[in-house]
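Have a look at the structure below, then the notes.
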Amino acid sequence: MCGIVGYIGSRQAAPIILDGLARLEYRGYDSAGMAIFDGEHIRMKKAVGRLKVLENLTHGGETMKGCMGIGHTRWATHGAPSDINSHPHLNTSETIAVVHNGIIENYIPLKKKLTDKGYTFASETDTEVLAHLLDYYYKGNPLEAITKVLHRVEGSYALGILFAEHPDEIYAVRKDSPLIVGSSDDGCFIASDVPAILKYTRTVYYVDNQEVVKLGKDSLQFFSVDQEEITKEPVTIDWDANAAEKAGYEHFMLKEIYEQPKAINDTISPRLQGDNVVIDELHMTDGELAAVKRLYIVACGSAYHVGVTGKYVIETLARIPVEVDVASEFRYRDPIMDENSMVIVISQSGETADTLAALRESRSRGAKVLGIVNVVGSSIAREADACLYTWAGPEIAVATTKAYSAQLAALYMLAIKLALANETIDSARAAGLIKDLRTLPDQIELLLGQKEKIQRFANRYVGAKDIFFIGRGIDYAISLEGSLKLKEISYVHSEAYAAGELKHGTISLIEDGTLVVAVSTQPKLYQKTISNIVEVKARGAFVMAVTNEENKAMEKASDYCVYLPETDPCFANSLAIIPLQLFGYYVAVGKGCDVDKPRNLAKSVTVE
Ligand code: M6R
């Protein structure tokens, strides 16, 4: 969601903060602001719109002098995007500044109490409550004031705080919202994600829930909510800072689409050994795996779509019943589970609030939770009983592509492992599957070679009003993702339907020329999907088919065909999604949309 960067040290803070915020802008981009201590006062500048506006306003930070400060890019929750609602927020005497990521759930009663005590509020945000509450409890000792506030507020928060009376320290606080701190020879940093400070340091510390960090120019001290000092080990970040740069591509999304072969390769290579799948991170024997009688897959958005595919693949190969749930529903639906249940939570960021809550709910009910996570050290990675990392590298575009592909690959490996443990496939079948899995990266390269063809086709649909995606079984799961990719970045209305279900209502929306994308990768369902294509064509639809080379009948049945290389039907999603990602991307580019930062969205959804 929002991005936070803070700095204290020997250098000018504002340019460092702006630079860090630029690397976090994918997290939130409704507005931005900075508070810098100039030696006497806290100076603040805020601006609605993209970070560029704030950069221009401060001449790249040049007009805000001072060696300590905090900054923020916002994804609005409470209060519309506006200068006034942007962070930082100040107390009335402008001696305390706060930036916040998350939601203060009890801000209304707190605001009422503070108003009764004479405090006045300038903004509509929940965050401003924190600035006034800190003021209320502050009696000269920042740590004491902060911990008192933490005992009063409910919700999730990552905070950066400045006190004008303490010019040699800034504070960082965290509960259920990601936050790291880092140290270098030139000073110390706060950030909501590693890329923000990677240019300055590779030595970072992951702040845990309800911890407070006091940052000095050359010191970091960690405290519990009871003000007891805590010892913490640094983590050295070993990934390449360039991984979070565009490397000549027009958008991060296109770069990340092209990084999919590598993301899959990096995720499977360490775990495929000969004709076997070795997932040490599971910490489960084959006997323990065979004892799992029911699986739940819980996630949000595209990660949920991975789960829908996972259900088909695991049920086909391992014959274990799988329930797939959207995390925001699962957490409140009183799920039935016991010690023979295993819950798989899938998340790129590892910080999605609903997915994290579903993990906690499952653990409290006695289920073992496996996380499939991309961001190392994230909350889900740390709180799950076991974590299978996807090695997709940093994903910056809001629309996920390479993390999605790596998540699919992780689930395929898990499905094979479960199937072998349950003896529902033999070693020859496993060897065949593993061979196909290893071939996927090269096959994706081939499909990426069709970029121009897809681009030309996409250009014809830049003005489209509605686009439908249909498919059966795994093809329905692919359709869900194809449709989401298109609509989230191009703002073209789109729906995905189980192909046989369209005629129960939605088919009334098909008009002359409406584009229907029909996905057909499952040989046993070719004919069934063709029947559904006939139905929509009879109502005037133009049909683009995404199907296997062998499905010759599709040439006649559809108006335009994209062919996929041959793989096991269980893995078809990994190939079919490539033309659909490119299609969504080029429709959005053709419309002139901000592909990497679509309106109203944020990369990591850390609020419920
Ligand atoms: O970080 P997560 O994988 O938990 O995020 C889940 C969804 O918010 C995410 O997949 C979202 O749907 C993307 N914008 C899809 O491109």
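Among residues of the range 345-372 that are more than 10 Å from the ligand (Cβ to nearest atom), those with a Cβ under 7 angstrom from a residue that is in a helix (DSSP H, G or I) and aromatic (F, W, Y), sequence gap 6+ or separate chain, pair up as A358/F330. The single residue among R294, R319 that is away from the ligand (no atom under 14 Å from the Cβ) and out of contact with any strand residue (DSSP E or B) (no Cβ under 9 Å at 6 or more places or on another chain) turns out to be R319.
Of all residues in the range 375-393, those being outside any strand (DSSP E or B) and either in contact with a Pro (Cβ under 6 Å, 6 or more places away or on another chain) or more than 24 Å from G584 (Cβ to Cβ) (or both) number 11.
Residues that are buried (at least 22 other Cβ atoms within 10 Å of the Cβ), aromatic (F, W, Y) and either touching a Leu at 6+ places or on another chain (Cβ under 8 Å) or more than 13 Å from I17 (Cα to Cα) (or both) occur in the range 165-184; there is at least one.
Residues being over 30 Å from the mean Cα position of the chain (by Cα), assigned to a loop (DSSP other than H, G, I, E, B) and buried (at least 20 other Cβ atoms within 10 Å of the Cβ) are represented in the range 556-565 by at least one member. Among the criteria (1) within 15 Å of the ligand (Cβ to nearest atom); (2) over 30 Å from K52 (Cα atoms); (3) at pLDDT below 95, the one T606 does not fulfil is (2). Condition check for V517 on (1) open to solvent by 10 Å² or more (accessible area, probe 1.4 Å); (2) farther than 23 Å from D325 by Cα; (3) in a strand (DSSP E or B): one failure, at (1).
Residue count for the range 350-374 satisfying the condition of being touching a strand residue (DSSP E or B) at 6+ places or on another chain (Cβ under 9 Å), in a loop (DSSP other than H, G, I, E, B), under 26 Å from S405 (Cα atoms) and open to solvent by 10 Å² or more (accessible area, probe 1.4 Å): 2. Can you say whether V587 is more than 12 Å from the ligand (Cβ to nearest atom), part of a strand (DSSP E or B) and closer than 22 Å to D475 by Cα, as far as the supplied structure shows? So V587 fails the test.
Each row is one residue, and each column tells you yes or no for (1) open to solvent by 20 Å² or more (accessible area, probe 1.4 Å); (2) on the phi < 0 side of the Ramachandran plot.
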residue	(1), (2)
I470	no, yes
Y476	yes, yes
L484	yes, yes
E488	yes, yes
Y491	yes, no
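Pairs are defined by a Cβ separation below 7 Å, a sequence spacing of at least 6 or placement on different chains, a first member in the range 478-492 that is within 13 Å of A576 (Cα to Cα), and a second member that is of a type in the set (D, E); the pairs so defined are S483/E495. Among the conditions (1) within 16 Å of the ligand (Cβ to nearest atom); (2) basic (K, R); (3) over 26 Å from P598 (Cβ atoms), K485 misses just one, which is (3). Just wondering, is there one or more residues in the range 401-414 that are part of a loop (DSSP other than H, G, I, E, B) and closer than 30 Å to I104 by Cα? No, the conditions are met nowhere in the range 401-414.
May I ask you to say which residue of A419, A415, A392, A458 is buried (at least 22 other Cβ atoms within 10 Å of the Cβ) and modelled with pLDDT under 95? First the steps, then the outcome.
On the way: A419 fails: modelled with pLDDT under 95; A415 fails: modelled with pLDDT under 95; A458 fails: modelled with pLDDT under 95.
Residue meeting the stated conditions: A392.
Can you name every one of the strands (runs of 3 or more DSSP E) wholly within the range 21-87 that holds 3 or more residues which are open to solvent by 60 Å² or more (accessible area, probe 1.4 Å)?
Details: elements: 31-37, 42-48, 68-74.
In the range 21-87, the matching strands (runs of 3 or more DSSP E) lie at 42-48.
When you look at V543, is it open to solvent by 10 Å² or more (accessible area, probe 1.4 Å) and β-branched (V, I, T), yes or no? Before you say what the answer is, go through the steps one by one.
Values: open to solvent by 10 Å² or more (accessible area, probe 1.4 Å): no; β-branched (V, I, T): yes.
No: the conditions fail for V543.
Within the range 197-207, not a single residue is over 22 Å from the mean Cα position of the chain (by Cα) and farther than 19 Å from R11 by Cα. Close contacts from the range 291-306, counting a first residue that is over 14 Å from F330 (Cβ atoms) and a second that is within 10 Å of the ligand (Cβ to nearest atom) and assigned to a strand (DSSP E or B), with Cβ to Cβ under 7 Å and a gap of 6+ residues or different chains, come to V306/A299; V306/I346. Picking from residues in the range 191-249 that are touching a residue at least 40 places away in the same chain (Cβ under 8 Å) and over 23 Å from I161 (Cβ atoms), the one that is most open to solvent (accessible area, probe 1.4 Å) is K199.
From Y312, Y304, Y332, which residue is under 27 Å from the mean Cα position of the chain (by Cα), away from the ligand (no atom under 16 Å from the Cβ), open to solvent by 30 Å² or more (accessible area, probe 1.4 Å) and at pLDDT 95 or above?
On the way: Y304 fails: away from the ligand (no atom under 16 Å from the Cβ); Y332 fails: at pLDDT 95 or above.
It is Y312.
The values are calculated or read from the model by the stated rules, or taken from the named source; none is laboratory data. Only a predicted model underlies this, so the values are computations on that prediction, with no experimental measurement involved. Note that each Cβ is placed from the backbone with ideal geometry, even for glycine, and that neighbours are counted across all protein chains shown. All accessible areas refer to the heavy atoms of the entire protein, side chains included, with ligands and DNA or RNA removed. Shrake-Rupley method; radii C 1.70, N 1.55, O 1.52, S 1.80 Å.
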